[in-house]
Amino acid sequence: MGLNDVVEFAMTLEEAFGIEIEDSDAANMQTAGDLHRAVMKSVHRPDTEIWPAVVSIFEMNGIPPERIKPETRLRDLLGD
């Protein structure tokens, strides 16, 4: 997974949630849970709303929901 893949996916989350994630923070994210926590820092809504929305965004990018867990490595979701 390249840096651009993670940064681009972070940009998708930014757009969906109306937030900003620093590129340097995105570059250090390793798991779907890391992305989720970055959103949670900026969005003041219950986790029960945020995680399903994050999963939905992965799904819109062609990733089956059963593969998306907080501990799942981004390189396994977004490719090498």
Share of accessible surface on carbon and sulfur in the range 1-49, whole %, 1.4 Å probe and ligands ignored, is 45 percent
How much accessible surface does residue 36 have with a 1.4 Å probe, in Å² rounded to 10? 30 Å²
Sorted largest first, the C-alpha extents of the range 7-50 along its principal axes in whole angstrom are 25, 19, 13
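In Å², what does the accessible area per residue of the chain work out to with a 1.4 Å probe? Don't skip to the end; give the middle numbers.
Values: 4700 Å² over 80 residues.
Ligands and nucleic acids excluded, the result is 59 Å² per residue.
Roughly what percent of Cα-Cα pairs across the chain reach past 14 Å?
On the way: 1776 of 3160 pairs.
Pairs farther apart than 14 Å: 56 percent.
The values are calculated or read from the model by the stated rules, or taken from the named source; none is laboratory data. Worth saying up front: this structure is predicted, and the values here are computed from it rather than measured. Protein only, heavy atoms only, side chains kept; ligands, DNA and RNA dropped before computing areas. Shrake-Rupley method; radii C 1.70, N 1.55, O 1.52, S 1.80 Å.
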